[in-house]
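**Q** Take a look at the following structure, please.
The values are calculated or read from the model by the stated rules, or taken from the named source; none is laboratory data. Source: prediction; values computed, not measured. Don't worry about glycine lacking a Cβ; one is built from the backbone with ideal geometry, like all the others, and counts go over all protein chains shown. When the accessible area is computed, the model is the full protein with side chains, heavy atoms only, and any ligands, DNA or RNA have been set aside. Shrake-Rupley method; radii C 1.70, N 1.55, O 1.52, S 1.80 Å.
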Amino acid sequence: MDSPVVDAARLWLGTPYVHQASVRGSGADCLGLIRGVWRDLYGAEPEAPPAYTADWAECGSTEVLLSAAMRHLRPVDDADWQPGQVLLFRMRQGAIAKHLGILSAAGDAPRFLHAYTGHGVIDSPLTPPWQSRIVARFRFP
């Protein structure tokens, strides 16, 4: 059984990857996908994101994406894996969190929807390498 969040995110499948974009069918990056799902569910976004580079200021230590998630989403208990949760990833150990996705299937074969450079919005297996990069999980309010 899918969630309204997963249903909304699946409408974005095939949207090309475009840095800083959030237009279903035309272009989105990982944040743009989350922003678009928010708009589909709630209407206006709670805040406009600042301009950001493709590397998300990796050399810095300010957790911009994590801070925004804490302001607008609800943290999830570690034991509670449910489709529709927002996944926040740290792509390298010691780096800031800079990638987002939406859990599309839990259980023995978990999957997640995300916008990925060179692929656009896709539904990917949440493999152990991806799982090891998860910093936090959230749910939409």
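**Q** Which of the strands (runs of 3 or more DSSP E) contained wholly in the stretch 40-141 include at least 1 residues that are of a type in the set (A, V, I, L, M) and open to solvent by 60 Å² or more (accessible area, probe 1.4 Å)?
**A** Answer list for the stretch 40-141: none.
**Q** If you don't mind, another one. Across the stretch 73-86, what is the total count of residues that are within 13 Å of the chain's Cα centre (by Cα) and farther than 11 Å from ARG139 by Cβ?
**A** Count: 0.
**Q** Pairs only if they're at least six apart or on different chains, beta carbon under 7 angstrom, first in the stretch 20-38 and closer than 11 Å to VAL121 by Cα, second of a type in the set (Val, Ile, Thr) and open to solvent by 50 Å² or more (accessible area, probe 1.4 Å); list them, first residue then second.
**A** Hits for this filter: GLY27/VAL18; ALA28/VAL18; ASP29/VAL18.
**Q** Kindly provide the set of residues from the stretch 1-19 that are assigned to a helix (DSSP H, G or I) and free of Cβ contacts under 8 Å to residues at least 24 places away in the same chain, ordered by number.
**A** Within the stretch 1-19, ASP7 is the sole residue that qualifies.
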